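So the structure is just underneath, and the comments pick up after that.
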Amino acid sequence: MPRLLIVHHTPSPAMDTMLRAVLDGTSADGLSAVHVQTSAALSTTATDVLTVDGLILGTPANLGSMSGALKHFFDTIYYPCLVETVGRPFGLYLHGTNDVDGALVDITKITTGLRWRLTQEPIRVSGPPTTDDLESCWELGAAVAAGLMR
């Protein structure tokens, strides 16, 4: 059974709404064979990452960068996962009040170093999530989960 880990930092109602939309997408018809697990960024370990087939990362953009919680996640797992997770598929959703570009740049640098494979365009939301934004989050969850079944 393929395993998908959603690593998230969800300190706001907007991030919670986006996480729930991603989760709903992972349980779309035909995806029941994928085991989906969520984990707060501050408590996710290298062992968690090493035992899954793919990831979805979710973070707010704080002061032009990813949240400190997601940065802590990367600091914790980077070297233990550097060799064994090459090519690991992942998706990404971000939320900011007005800008997520800096956070996306930072995450791209780290995931490029890990040599993970981005499977979908990142979902970038500024301001309150719209219906279209939440549909994109749903599609992200469904697409990453479906990709693990191949």
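Mind listing whichever residues of segment 110-147 are surrounded by fewer than 18 Cβ atoms within 10 Å (Cβ to Cβ), more than 18 Å from Gly54 (Cβ to Cβ) and under 15 Å from the mean Cα position of the chain (by Cα)? Once the filter is applied, which keeps residues that are surrounded by fewer than 18 Cβ atoms within 10 Å (Cβ to Cβ), more than 18 Å from Gly54 (Cβ to Cβ) and under 15 Å from the mean Cα position of the chain (by Cα), segment 110-147 yields nothing. The condition of being closer than 23 Å to Gly127 by Cβ, of a type in the set (Ser, Thr, Tyr) and at pLDDT 95 or above does not hold for Thr38.
Determine if segment 105-115 includes at least one residue that is in contact with a strand residue (DSSP E or B) (Cβ under 6 Å, 6 or more places away or on another chain), over 16 Å from Ala21 (Cα atoms) and modelled with pLDDT of 95 or more. There is at least one residue in segment 105-115 that is in contact with a strand residue (DSSP E or B) (Cβ under 6 Å, 6 or more places away or on another chain), over 16 Å from Ala21 (Cα atoms) and modelled with pLDDT of 95 or more.
Between Leu63, Leu92, the distinction of being out of contact with any Ser or Thr (no Cβ under 7 Å at 6 or more places or on another chain) and surrounded by 18 or more Cβ atoms within 10 Å (Cβ to Cβ) belongs to Leu92 only.
The values are calculated or read from the model by the stated rules, or taken from the named source; none is laboratory data. Since we're looking at a predicted model, the values are computed, not measured. So basically every Cβ, Gly included, is an ideal-geometry build from the backbone, and we count neighbours across all protein chains shown.
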